[in-house]
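Have a look at the structure below before the remarks.
The values are calculated or read from the model by the stated rules, or taken from the named source; none is laboratory data. No experiment lies behind these values; they were computed from the predicted model shown. Methodologically, a virtual Cβ is constructed for each residue, glycine included, from the backbone with ideal geometry; neighbour enumeration extends over all protein chains shown. Accessible surface areas use protein heavy atoms only, side chains included; no ligands, DNA or RNA. Shrake-Rupley method; radii C 1.70, N 1.55, O 1.52, S 1.80 Å.
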Amino acid sequence: MKIDVDKLRFGLDTFGDVAYNDTFHTKMSYRESLQNIIKEGQLADQLGLDVIALGEHHREEYSISSPEVVLGALASTTKNIHLSTGVTVLSSDDPVRLYERFATIDGISDGRAEIILGRGSFTESFPLFGYDLKDYNDLFVEKVGLFNDLITGEHVDWESKHVQKLVNVRPYPRIEGHKLPVSIGVGGTPESVLRTAYYGYSLMLAIIAGEASRFAPYIELYKKAAEDYGTKVGAIGVHSHGIITEDDDDEAYNIGWEYIRNSMDRVGLDRGWPKMTKERYDFEVIKGAYYVGSVETVAKRIAQTISELGLDRFDLVYGTGGQLEKDRMRTIELYATKVIPRVKEILQEANENE
Amino acid sequence: MKMSKLIIGIVGAGKLGMTLAKLALDASYQVNIAGSKDPAKITLATSVLAPEAQPMYTRDVIEKSDIIFLALPLSKYQNIDAKWFAGKTVVDSMNYWWEIDGKTSNYYYDEQQTSSEKVQAYLTQSVVVKAFNHMGYHDLASMSHQQRVIVYAGTDEIALAKVKQLIIDFGFVPYYIGNLHATSQLQPGGVLFGANEDMIGIKKLLNK
Ligand SMILES: NC(=O)c1ccc[n+]([C@@H]2O[C@H](COP(=O)([O-])OP(=O)(O)OC[C@H]3O[C@@H](n4cnc5c(N)ncnc54)[C@H](OP(=O)(O)O)[C@@H]3O)[C@@H](O)[C@H]2O)c1
């Protein structure tokens, strides 16, 4: 597919996996981990990445459960990078507070706040905040409706089963000068794709396993639904895990086999899945959802995904499973300074040859 | 040509349901599909993800099809009247998934009974075969005709033969594991849960 290279956006995402210390290979404290993520975000800004997206998780292996607080810290110490959650678990949050928090980040950062709404990979926030998982879908439907009213309207009235009743409400501070950019993170549920189109939000495909091309039908569904609803087709992005080394594919491969596998096995344990096999890992690295390898290898694979799906945005999830701090930094640095320029070059060449 | 084949009904129009529908259509079966609500709610998604599948109400899907896949959350099948299924062959593709079905797995299966045995106990007038539950939907969607095994279980010879043929027609390799009690291996924590393997891999997992 022909890609408008100049309009492409590249993001860096993390769930806040607690990193390992370079010298002792021990896990950092949460304090160190949080300070580290701030440094990583600042580096991403200095290197010109377009957006950083922080996940919300309430599990031992992650230090980010309040992404907006971390984004607030980044807001005052970065200049250009857009500051996003990825994802905000809307069903177990309060839409009004969400509006207020994002308006705050947007104010501090001079209009750089963005939000990705979704279910996320886990559901541990539900019991934690007193919600019943059974209501997941209804909660999402009602809250996304209210949230949309809040970001598009001036004064909001609301009444529905699971959400507070509001009469003529106007939360402060206001998001000024633009409408908050909203994406929905989609894992494969057709209904979520339709909902994204219904609200005219951008589509963020979380591809954590399998070939990217399998998502093509969802993109088609998104576009068709937008046409049916008469909404505008927003940006289409992909979020996937990656590890980048300068030119040693094997080194990146081995880091992933240690850390990405560990992270997946941990989740699997909870769900009764088997451990990741070497065959599966190899599949994901060679043609699946892991962008793991040297600059050239990863650049080629990202370029292929972008052109196959006709993407507007690609987000690399770094630091999966923790990893050594130096390896995380290297991934960020190479992604920004070498991989992205190379991806653009490959896509530009492909455009010219078409 | 389609007329001579069984008509496939799919209850559940989510990730798994749409994938099964697409596999069945690719194997030129006629397919009926339902979500929990009005069929109009799924026409758009169906038209793109499984074009030619017929969206209907759940009751109509069951009535108008020969073999019915249960592709809805395990916590939801008892919302459907068991009588509607009378005389039908039912393929149970459901798993217990605590994030959807709640934390208490004992309600869905225990040492005595697998979840499929409970499904069979609920559907007293139907024959239940377990199949297509152990592989992630994205693998099912992209790995047909690649020698991947689908493990199936049950006791009714005629129903088993039908399901075996479906597995082959959908592009997978059938492996029979035994009666519904044997499906404990296919449940969360069982060695075959999540298995995406060829025959050698499956036998290795089963130590055979
Ligand atoms: N996802 C996988 O990779 C996978 C693989 C193997 C097996 N499974 C099993 O397959 C089942 C479905 O999983 P999924 O991932 O496809 O879930 P999903 O994407 O959430 O879809 C569930 C579907 O079931 C429908 N449904 C709920 N209650 C119903 C009812 N009473 N009558 C008819 N339809 C009803 C829902 O319709 P509404 O939207 O209208 O509620 C929805 O279309 C689960 O038991 C799961 O464990 C899943």
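State the percentage of accessible surface on segment A:5-353 attributable to carbon and sulfur atoms; use a 1.4 Å probe and exclude ligands, DNA and RNA. Provide the component values of the computation, followed by the final result.
On the way: 7020 of 14200 Å².
That share works out to 49 percent.
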Q) What is the set of long-range amide H partners of A:Ser294 at a cut-off below 5 Å, with H atoms built 1.01 Å from backbone N? A) A:Thr245, A:Asp249
Q. In Å² (nearest 100), what accessible area is buried between B and A, both sides summed, heavy protein atoms only, 1.4 Å probe?
A. 2300 Å²
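In what sequence, largest accessible area first, do A:Arg9, B:Arg148 appear using a 1.4 Å probe? It would help to have the intermediate numbers written out before the result.
Working: A:Arg9 70, B:Arg148 30 Å².
Ranking A:Arg9, B:Arg148 by accessible area, largest first, yields A:Arg9, B:Arg148.
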Q: State log₁₀ I(q)/I(0) for segment A:190-248 at q = 0.14, 0.28 Å⁻¹ as given by the Debye formula over alpha-carbon point scatterers of equal weight, solvent excluded.
A: -0.43, -1.14
(Q) Could you compute how much accessible surface A:Glu227 exposes when probed at 1.4 Å, giving the result in Å² to the nearest 10? (A) 150 Å²
Q) Does any residue of segment B:134-155 lose at least 10 Å² of accessible area with all protein chains in place compared with its chain alone, and if so which ones (probe 1.4 Å)? A) B:Tyr137, B:His138, B:Asp139, B:Ser142, B:Met143, B:Arg148
Q.
What does the charge count around A:Pro190 come to, taking other residues whose C-beta lies under 11 Å from its C-beta (Lys +1, Arg +1, Asp -1, Glu -1)?
A. +2
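Quick one: net charge around A:Ser240, please, counting Lys, Arg +1 and Asp, Glu -1 for every other residue with C-beta under 14 Å from its C-beta. Intermediate values should be presented prior to the final figure.
Working: positive: A:Arg214, A:Lys287, A:Arg301, A:Arg313; negative: A:Asp13, A:Glu211, A:Glu284, A:Glu308, A:Asp315.
The answer is -1.
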Q | For the protein assembly as shown: accessible area per residue (Å², 1.4 Å) | A | 42 Å²
Q) How many partner chain Cβ atoms sit within 10 Å of a residue's Cβ in peptide A:271-282, on average, as a whole number? A) 4
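How big is D, in µm² s⁻¹, for segment A:236-336 by Stokes-Einstein at 25 °C and 0.890 mPa s if Rh is the Kirkwood radius over C-alpha pairs?
Values: Rh = 13.8 Å.
The diffusion coefficient I find is 178 µm²/s.
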Q) Local charge sum around B:Leu180 (other residues, Cβ-Cβ under 10 Å, Lys/Arg +1, Asp/Glu -1)? A) 0
Q.
Give me, ordered by chain and number, the residues 5 or more places off B:Tyr176 or on other chains with an amide H under 5 Å from its own placed amide H.
A. B:Tyr152
Q: For segment A:1-105, evaluate the Debye formula with one uniform point scatterer on each Cα (no solvent term) and list log10 I(q)/I(0) at q = 0.14, 0.23 Å⁻¹, rounded to two decimals.
A: -0.60, -1.25
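How much space per residue, in cubic angstrom, does the convex hull of the C-alpha atoms of segment A:30-86 take up? Walk me through the numbers before you get to the answer.
Working: hull volume 3.9 nm³, N = 57.
Hull volume normalised by residue count: 68 Å³.
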**Q.** Surface/4 estimate of mean projected area, convex hull on alpha-carbon atoms of chain B, nm²
**A.** 10.8 nm²
**Q.** In segment A:217-258, the trypsin sites (Lys or Arg not before Pro) that fall in loop regions by DSSP, at most 14 other Cβ within 10 Å
**A.** A:Lys232
**Q.** All Cα pairs of the protein assembly as shown, percent lying beyond 46 Å
**A.** 14 percent
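Helix-derived [θ] at 222 nm for the protein assembly as shown: sum -39500 (n - 2.57) over DSSP H runs of at least 4, divide by residue count, nearest 500? Before the final figure, lay out each step's value.
Details: 20 runs with 224 residues, N = 562.
Mean residue ellipticity at 222 nm (helix-derived): -12000 deg cm²/dmol.
Where nothing but the Cβ of Lys and Arg (+1) and of Asp and Glu (-1) is charged, how large is the charge dipole of segment A:29-134 around its Cα centre, in debye to the nearest 20? It would help to have the intermediate numbers written out before the result.
Details: 9 positive and 16 negative charges, 7 e Å.
Charge dipole, segment A:29-134, about its Cα centre: 40 debye, nearest 20.
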